Amino acid sequence: MKVASLRVENFRGFINSGDVKLKPLNFLIGKNSIGKSSFGRLWPLLHQGIQIGKRSPIVWNGDLVDFGSFDDVLSRYSEKKNIIFNFTLTKKQNTEILRRSFLHKSSLVKNLINEDIDVSLSLCRGGNEYTTLCSSFSIKIGETLIQNKFDKESKLESITINGVDINLHKSYITESRIGYILPEISYFVKINDQIVSAHSPMRMRLFRVLRDELHSRLTDERVHEICSSLKVICNKEELIEICRNLQHKYKTWQDFLKKAEANPKLLARFHEAVNFAASEYFSRDLDSFIKDNFSSVNYIKPFRATAQRYYRRQDLAIDNIDSNGSNLAFYLESLSTSKLEKLNLWLSDNLDLNVILDSEKGHVMIKIHDLTSNRIDNMADMGFGFSQVLPLAVQAWISSSIFARQSNRIDTSDKILVWEQPELHLHPAMQRKLTSLIAKTIKAAQKSNISFIIETHSQSMINEIGDLILENELKSDDVQILLFEQTGNNSETTIRSTGFNSDGELINWPFGFLAV
């Protein structure tokens, strides 16, 4: 599954950002201090908490972005004290990718409802401003709404499914821990002064429905076996078919299926219990899907590292360019001769330059061959713009080229490239070349899906997009411009989506929006 849209509430300058769906090319445009950067940094924010141990669902202050603390992020325009993240997930169109995913994740709940899934996470302040807790999360799929609420100590307080309160019996001991972003809940009971793992109340609800209907000679262990095989969310008709195809051939089980098919009330009760039981595992699957989506985020800051004359050689395999481009030399040096040749073909086609690596006494030197002037010199002597554009161009190549990967692993994930003000220190002509490079990247990566999120003030880049659409080098449907607007000088920010028509003309463009 993929995250089709993202919405935040009570986040910095936004009371409600609205659901923002990404296209292959997304420009964030608006005046200074209106919230463009805050919104664009949501993707690296959600990425930076992936590979670290954490005590809160969100790491506000990390290696990529620094939002400070919960209090710094909570919108001053809202009276509410919760920050809400809402993700809409949809099934990928590529069924081959889905098939591979299920082979590697056999524990996944089988979701047969072909509707989008809404996951909403509500965060609150903990004991101090540097602690963030999950106050609730909900999952809506089809006609099923699952809601989990937690107290101020992160203990599970209640579970409701379609408004039905799932009784958390006092014998239950629950423990919540942070998964990627959603809490994972474990259940325990105390037996003879020992704490032992227990089935969840949702699972026991299904067990009781089956236990009441199946012959008493079928042991509890066999009933639990059947429960374990029903990790599925589906409609009533599909449920009967799925149950018939299970490996369980007990006569009492087959008799129950015939009875349920003939009895609408029994089928409804069984169907509800199956969906309830599956919801426990489904929340973990969704957490994993959201994590997979944000693991493919690559972010480059507005100020990239300046060129050095020499870089100390490091025997490293580097898969991507870091957020300030400081590892560019090490990435280039790790490429094989054939891969470097392919990169140079890409650079010459798009930016009229090549890179040349010289090694000397354990050091690496990057030289730039400017094909327009035929000048070859150390990048440190070629002007600041080359050191600023090269990390962007190389990252785009990595994301779109099958030749760029250091490993042989099949990578089916969608790519999200977040660039802040890529135009800084670039001549308008180079800005246009970079924009054309972005369009070619999108075209080259159509099968693997790539999205650019670009925060910019560059009129040259916007104009170039219109020209590329007019020349059929880019589809107008692949581009959106997110306009960040305020109704007054001290009011919340809203986001409005617009774009270009097939003639490369801006649609519903505010007069003077990019004027000085």
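The values are calculated or read from the model by the stated rules, or taken from the named source; none is laboratory data. Note that the coordinates shown come from a computational prediction; the quantities given were computed from them, not determined experimentally. In this analysis, Cβ positions are derived from the backbone assuming ideal geometry, glycine residues included, and neighbour counts consider all displayed protein chains.
Identify, from the list Gly163, Gly179, the residue that is under 16 Å from Asp285 (Cα atoms) and modelled with pLDDT under 90.
On the way: Gly163 fails: under 16 Å from Asp285 (Cα atoms).
Selected residue: Gly179, the only one of Gly163, Gly179 that is under 16 Å from Asp285 (Cα atoms) and modelled with pLDDT under 90.
Selection of segment 251-276 for residues being in contact with a Lys or Arg (Cβ under 8 Å, 6 or more places away or on another chain) and either among the basic types (Lys, Arg) or at pLDDT below 90 (or both) yields only Phe276.
I need the full set of residues from segment 452-482 which are over 17 Å from Pro422 (Cβ atoms) and of a type outside the set (A, V, I, L, M, F, W, C), in order please. Gly466, Asp467, Glu471, Asn472, Glu473, Lys475, Ser476, Asp477, Asp478, Gln480 - these are the residues of segment 452-482 that are over 17 Å from Pro422 (Cβ atoms) and of a type outside the set (A, V, I, L, M, F, W, C). Checked against (1) within 29 Å of Val3 (Cβ to Cβ); (2) surrounded by 14 or more Cβ atoms within 10 Å (Cβ to Cβ); (3) among the small types (Gly, Ala, Ser), Ala198 passes all but condition (1).
Kindly indicate whether Gly504 is more than 30 Å from Asp370 (Cα to Cα), out of contact with any Leu (no Cβ under 9 Å at 6 or more places or on another chain) and assigned to a loop (DSSP other than H, G, I, E, B). Against the criterion (more than 30 Å from Asp370 (Cα to Cα), out of contact with any Leu (no Cβ under 9 Å at 6 or more places or on another chain) and assigned to a loop (DSSP other than H, G, I, E, B)), Gly504 does not qualify. Exactly one residue out of Ala439, Ala404 is in a loop (DSSP other than H, G, I, E, B) and either crowded, with 16+ Cβ neighbours inside 10 Å or modelled with pLDDT of 95 or more (or both): that is Ala404.
Scan segment 278-296 and tell me whether some residue there is among the hydrophobic types (A, V, I, L, M, F, W, C), part of a helix (DSSP H, G or I), crowded, with 18+ Cβ neighbours inside 10 Å and free of Cβ contacts under 8 Å to residues at least 40 places away in the same chain.
As a first pass, look at segment 278-296 and keep what is among the hydrophobic types (A, V, I, L, M, F, W, C): 278, 282, 286, 289-290, 294.
Narrowing further to those that are part of a helix (DSSP H, G or I): 278, 282, 286, 289-290, 294.
Within this subset, residues satisfying the condition of being crowded, with 18+ Cβ neighbours inside 10 Å are 278, 282, 286, 289-290, 294.
After this cut, where a residue has to be free of Cβ contacts under 8 Å to residues at least 40 places away in the same chain as well, the list is none.
Looking through segment 278-296, none of the residues is among the hydrophobic types (A, V, I, L, M, F, W, C), part of a helix (DSSP H, G or I), crowded, with 18+ Cβ neighbours inside 10 Å and free of Cβ contacts under 8 Å to residues at least 40 places away in the same chain.
Just to verify a result, which residue in segment 297-326, among those that are under 24 Å from the mean Cα position of the chain (by Cα) and either assigned to a strand (DSSP E or B) or not assigned by TED's automatic domain parsing to the domain that holds Ile366 (or both), is surrounded by the most Cβ atoms within 10 Å (Cβ to Cβ)? Here the answer is Tyr299. Scanning segment 113-127 for residues that are surrounded by 15 or more Cβ atoms within 10 Å (Cβ to Cβ) and under 15 Å from Phe70 (Cα atoms) gives Leu121, Ser122, Leu123, Cys124, Arg125, Gly126.
Take the conditions (1) of a type in the set (Lys, Arg); (2) touching a residue at least 12 places away in the same chain (Cβ under 8 Å); (3) closer than 21 Å to Pro57 by Cβ; Arg203 misses just one of them, which is (3).
Leu474 satisfies every condition listed in (1) in contact (Cβ under 8 Å) with a residue 12 or more places away in the chain; (2) assigned to a loop (DSSP other than H, G, I, E, B); (3) surrounded by fewer than 23 Cβ atoms within 10 Å (Cβ to Cβ) except (3). Taking into account only those residues within segment 182-207 that are out of contact with any Phe, Trp or Tyr (no Cβ under 8 Å at 6 or more places or on another chain) and farther than 21 Å from Asp287 by Cβ, which is modelled with the highest pLDDT? Result: Phe207. Only a single item in (1) surrounded by 21 or more Cβ atoms within 10 Å (Cβ to Cβ); (2) assigned to a loop (DSSP other than H, G, I, E, B); (3) among the small types (Gly, Ala, Ser) is not met by Gly53, and it is number (1).
Give the number of residues within segment 147-166 that are assigned to a loop (DSSP other than H, G, I, E, B) and in contact with a helix residue (DSSP H, G or I) (Cβ under 6 Å, 6 or more places away or on another chain). Show your work before the answer.
So in segment 147-166, the residues assigned to a loop (DSSP other than H, G, I, E, B) come out as 151-155, 162-163, 166.
From the residues that got through so far, the ones that are in contact with a helix residue (DSSP H, G or I) (Cβ under 6 Å, 6 or more places away or on another chain) too are 166.
Looking only at that region, the number is 1.
Taking segment 328-364 only, how many residues are of a type outside the set (Lys, Arg) and assigned to a helix (DSSP H, G or I)?
First pass over segment 328-364, keeping only residues of a type outside the set (Lys, Arg): 328-338, 340-341, 343-360, 362-364.
Restricting the remaining residues to those that are assigned to a helix (DSSP H, G or I) gives 328-334, 337-338, 340-341, 343-351.
So the answer is 20.
When Leu45 is tested against (1) under 21 Å from Leu182 (Cβ atoms); (2) buried (at least 17 other Cβ atoms within 10 Å of the Cβ); (3) in contact with a strand residue (DSSP E or B) (Cβ under 6 Å, 6 or more places away or on another chain); (4) at pLDDT 95 or above, just one condition goes unmet, and that condition is (3).
Among the residues of segment 105-123, write down those that are at pLDDT below 95, farther than 16 Å from Leu145 by Cβ and part of a strand (DSSP E or B). Walk me through it before giving the result.
Initial filter on segment 105-123 (at pLDDT below 95): 105-117.
Now restrict to residues that are farther than 16 Å from Leu145 by Cβ: 105-110, 112, 114.
Answer for segment 105-123, where residues must be at pLDDT below 95, farther than 16 Å from Leu145 by Cβ and part of a strand (DSSP E or B): just Lys110.
Would you be able to say whether some residue in segment 377-398 is surrounded by fewer than 16 Cβ atoms within 10 Å (Cβ to Cβ), modelled with pLDDT of 90 or more, part of a strand (DSSP E or B) and at negative phi? Yes: segment 377-398 contains one or more residues that are surrounded by fewer than 16 Cβ atoms within 10 Å (Cβ to Cβ), modelled with pLDDT of 90 or more, part of a strand (DSSP E or B) and at negative phi. His369 falls short on exactly one of the conditions (1) in a strand (DSSP E or B); (2) at pLDDT below 90, and that condition is (2). Criterion applied to Ser359, Ser348 was being surrounded by fewer than 17 Cβ atoms within 10 Å (Cβ to Cβ), farther than 30 Å from Val59 by Cα and modelled with pLDDT of 95 or more, and the one residue passing it is Ser348.
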